[in-house]
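FYI, it's all coordinate maths here, none of it is from the lab. For clarity, every value in this text was computed on a predicted model and none was experimentally measured. Heads up, the Cβs are rebuilt from the backbone with ideal geometry, glycines too, and the neighbour counts pull from every protein chain shown.
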């Protein structure tokens, strides 16, 4: 989570906040340095010395890290102590703490030192460091692997396994907290792959990326990847592998890369994940002849499962289009037109080539085929019909399709209401809307409220909007409708707020809930309800005299 500097105490667990204040008051922040603009490092002494890093942007702590083992929440007491140190002048905290140190950015320090080192001194340092630090040695060899032909994918795999093992606990699991260590360890490997890619060392880049795929794919099975770190590494690796496949590679590199894709799919190295099929997608970008296309098609025919099969058929269609006669391609399309991906592509092609009769037929067949259990696809086909009707300027069809899509407007692709208003005759407009309201009302539920509310707002029917609000006068609904109703219904809104706030505070006991209630009290005041708010403040103080946090928040109103 991001931490607002001006309200950090409101988003941090109260117990952790108190412990952090205690650490700050005891002078546990023993070193505090500004590394660069908005980047700070602190040493906080507890049972041990822990390093805290803060990254501040727009008065918000957007990134933070502590080397302590705390894993019961996103923020530990050491981070709180460091934030308090950073804010001590503003908060008027007169503690005898170490003065802040302004350091040069680390990158600048490094650059200045390197410029002063003689080449032979730097070479000797690398040799000595490699003797005592295995990780440094591996990183160095991996980074310059393109200069040493013996380095292989297995070399990088060993290095990645070492990093994964260092983040794994005694039970063979990588927890949420350890994920940060793993991410930090893998980051240089990814940077190496990016540098090799940018420098045209594609073989080295492929070796690193495929090693990452295999080892991270294994690690994800025994990790808490709830924050998506490992999934992100794999996705980024695939993006780069796709980019490499689209380059003009030497044929020896291309063939080796192609064979790896086919072999890893045949071995089912990534079975159970989206990237199992994606490895064949990379192979299709690498293929440059019919024989290689046939190899991919043979493997695509082994895919099972509805979702994977649809994607496999689309990939097969692209290969057939590239290498086979048009007759074979058309036969495949007709045989697999029930595949929504293929149908959608064919409709788009027909519309682009102005074959509207074929496009309409494909849409109508799709509606009939998917009507029973795939309502989302039905809306896709209706959206195509609407687009065709708009191209042909067929107002009757435009109204028919836009009306259907407005009422069933899950994830709308156009503003169907605006389309209807533009095409329905003005004299017929109100009766048209009343029929829609009647149809929606019969269905009930959240759909009724959302669509009918949209109509009332668009038409400025404030009396009907207020009656609709009274059917579900929750605090959030009152606020959402306030800007439309404040002018004519201020007094009524104040009373609705009053009743709901009383109910709300009767059922909650946390500070964040008290703050939310007070926010609504302020909205009452803006509506002209100061007198009513003062009565509520007096009532709450009398009703809840032991709720210290509530009384503190009420005093801010």
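Before moving on, here are some points about what is shown:
- Beta bridges by DSSP in the chain, antiparallel share as percent, to the nearest 5: 90 percent
- Cβ crowding within 10 Å averaged over residues, with 72-82, 322-332, 382-392 ranked highest first: 72-82, 382-392, 322-332
- Note on the stretch 423-522: semi-axes of the ellipsoid equivalent to its C-alpha gyration tensor, largest first and rounded to whole Å, are 32, 15, 10.
- Residue 443-residue 22 pseudo-label distance in nm [points 7 Å out on the Cα-to-Cβ vector]: 5.7 nm
- Estimated FRET transfer efficiency (residue 354, residue 247; beta-carbon r; R0 25 Å; 0.05): 0.10
- Histogram of C-alpha separations across the stretch 190-252, 10 Å bin width, %: 22, 49, 23, 6, 0
- For the stretch 204-325: rounded, prolate or oblate by the Cα gyration tensor [a/c cutoff 1.5]: oblate
- Base-10 log of normalised Debye intensity for the chain (one unit scatterer per alpha-carbon) at q = 0.06, 0.09 Å⁻¹: -0.55, -1.09
- If you look at the Cα atoms of the stretch 132-298, you get an Rg and a Dmax of 16.1, 52 Å.
- Rounded if a/c under 1.5, otherwise prolate or oblate - the stretch 1-52, Cα gyration tensor axes: oblate
- Relative contact order of the chain, defined on C-alpha pairs under 8 angstrom at six or more residues apart (%): 5 percent
- Orientation-averaged projected area, Cα convex hull of the stretch 478-556 (nm²): 4.8 nm²
- Calculated over the stretch 376-469, the projected area of the Cα convex hull averaged across directions stands at 6.1 nm².
- 222 nm mean residue ellipticity, helices alone, for the chain (DSSP H n ≥ 4; -39,500 (n - 2.57); rounded to 500): -22000 deg cm²/dmol
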